[in-house]
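First the structure, in the form of structure tokens, and then the observations on it.
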Amino acid sequence: MSTETILVTGAGGHLGRLVVEELLALRDQATKLVAGTRNVGELARLEARGVEVRRVDFDDAASLDAAFAGVSRLLLVSTNVFGPPRQRQHTMAIDAAKRARVEHVTYTSMPNPDAGSLVPFAPDHRSTEEALERSGLAYTALRNAWYTDNLLQSLPGVLAFGKWFGSAGNGRVANVTRADCARVAARVLTANDVPEKRYDVTGGEALTTQQIADIASAIFETTIDVVDLSDDAYTKLLGERGLPPPVVGLIVGSDANTRIGKFDVISDTVERWTGRTPESLRSFLVANAASIRAAATAMRLRASSG
Ligand SMILES: NC(=O)c1ccc[n+]([C@@H]2O[C@H](COP(=O)([O-])OP(=O)(O)OC[C@H]3O[C@@H](n4cnc5c(N)ncnc54)[C@H](OP(=O)(O)O)[C@@H]3O)[C@@H](O)[C@H]2O)c1
């Protein structure tokens, strides 16, 4: 597609950065790339590579009208606040896209954000998808599965103490790497054909907590004991560890949602759009083994020094 102007919101975030890199690798000379962020100064280095940087803050409608002017394709990266404030932010962005006559909006959603979801922030994604539908804009919701990358945060603690607490039972998750999500998003943004309204973006295998623990045990040459709790017991445990109630709600809600099968979704989206099989969880852990091991060791040392 030529003479396009593609804008990526949240270009300062982990996913947004990767999408901009993918677009730089894919773009033809006629395509203009715009990185939208609240912190323009932090992305100034992109300008030397031919990317225009514009201020995009979903809490500031004026910034959106200025930034979206002339944009034909927009990637609306969901923000990292939860509940009604996020729903308002996304609605502001969609309204601005409509005013600017953006031709197509791609949105980063989540798997099965329907009313039966037990994830506390599912209504944010559901209402955004509904707002896109109501807007009359052409759009695509990329329902990204939970990132495999999230294990970089959770696995060190599991390895440090040998126990994986949770309440997901035998439910399965088809984790996908953030990099695969970015590769898909960039290709949807540059597609010649009109993309469909919805894609599940998942890894190639849906795994239980026990299966993930077994993979990690083999890679890190240790034994992980999976301790499956009731939601109430898991809530109590996380509360006792000092996590704030909203965070506890997110973690337990996510496990409960896994248990009822709402994350047990496998699609061929990554392969279809990128021509490559999605990176497996095992391969991701092997590639990141050194940093995971170092984080686990640091946690163990901290615990033993009081
Ligand atoms: N699938 C998963 O496992 C998973 C995990 C975590 C998050 N997510 C969702 O996917 C999104 C992207 O993931 P990520 O890993 O890139 O998260 P991240 O690194 O935490 O990035 C947060 C993003 O939110 C944007 N943002 C925050 N407030 C904003 C505002 N007022 N206006 C416009 N943009 C705003 C940031 O943009 P700037 O800083 O550039 O302004 C940034 O791109 C997250 O924000 C979250 O909604 C998914």
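Here, region 194-247 yields an orientationally averaged convex hull projection of 7.0 nm² when only Cα atoms define the hull.
Note on the chain: Lys pairs 8 or more places apart or on different chains, Cα atoms under 26 Å apart, count 7.
With a simple spin-label model that places each label point 7 Å from the Cα along the Cα-to-Cβ direction, the separation between PHE161 and ALA298 comes to 1.8 nm. Using the Cα coordinates of region 175-306, the gyration tensor eigenvalues translate into equivalent-ellipsoid semi-axes of 32, 20, 15 Å, sorted from longest to shortest.
Give the relative contact order (percent, whole number) for region 41-186; include only Cα pairs under 8 Å separated by 6+ residues. Don't skip to the end; give the middle numbers.
Numbers: 167 pairs, mean separation 28.4, N = 146.
Rounded, it is 19 percent for region 41-186.
Relative to the longest principal axis of the Cα atoms of the chain, the long axis of helix 289-304 makes an angle of roughly 50 degrees. Only the Cβ atoms of Lys and Arg (+1) and of Asp and Glu (-1) were treated as charged; on that basis the dipole of region 128-272 about its Cα centre amounts to roughly 300 debye.
When the chain is treated as a GNM with alpha-carbon contacts under 10 Å, the residue of VAL227, VAL201, VAL19 showing the greatest mean-square fluctuation is VAL227. Dividing the summed helix terms, -39500 (n - 2.57) for each DSSP H run of n ≥ 4, by the number of residues in the chain produces a 222 nm estimate of -14000 deg cm²/dmol to the nearest 500. Size check on region 4-51: the Cα extents along the three principal axes, sorted descending, read 26, 19, 15 Å. Applying both filters, DSSP loop and at most 14 other Cβ atoms within 10 Å, to the GluC sites (Glu not before Pro) of region 195-225 gives GLU196, GLU221. Spin-label model, ARG101 to ASN150: label points 7 Å out along the Cα-to-beta-carbon direction sit 4.1 nm apart.
Between 0 and 90 degrees, the angle of helix 231-240 with respect to the longest Cα principal axis of the chain falls at about 90 degrees. For the chain, the longest principal axis of the C-alpha atoms and the axis of helix 122-135 are separated by about 20°.
Overall dimensions of region 1-104, expressed as equivalent-ellipsoid semi-axes from the Cα gyration tensor (√(5λ), whole Å, largest first), are 21, 16, 12. Among the trypsin sites (Lys or Arg not before Pro) in region 166-226, those located in a DSSP loop and surrounded by at most 15 other Cβ atoms within 10 Å of their own Cβ are LYS197. Structural descriptor for region 165-306: relative contact order 42 percent, calculated from alpha carbon pairs under 8 angstrom and at least 6 residues apart.
Please say if region 26-73 is rounded, prolate or oblate, where rounded means a/c under 1.5 for a ≥ b ≥ c the square roots of the C-alpha gyration tensor eigenvalues, and otherwise the choice is prolate for a/b larger than b/c and oblate otherwise? Oblate, since a/c reaches 1.5 and b/c is not below a/b. Based on Cα contacts under 8 Å between residues 6+ apart, the chain shows a relative contact order of 18 percent. For region 42-154, the share of alpha carbon pairs falling in successive 10 Å distance bins from zero is 13, 41, 32, 13, 1 percent. Per q in 0.16 1/Å, what log10 I(q)/I(0) does a Debye calculation on the alpha-carbon atoms of the chain return? So the normalised log intensities work out to -1.33. Highest mobility in the GNM of the chain, judged by mean-square fluctuation with C-alpha springs under 10 Å and restricted to GLY169, GLY83, GLY253, is found for GLY83.
FYI, it's all coordinate maths here, none of it is from the lab. Keep in mind the model is a prediction, meaning the values are calculated, not measured. When we count neighbours, we look across all protein chains shown, and the Cβ atoms used for this are built from the backbone with ideal geometry, even at glycine.
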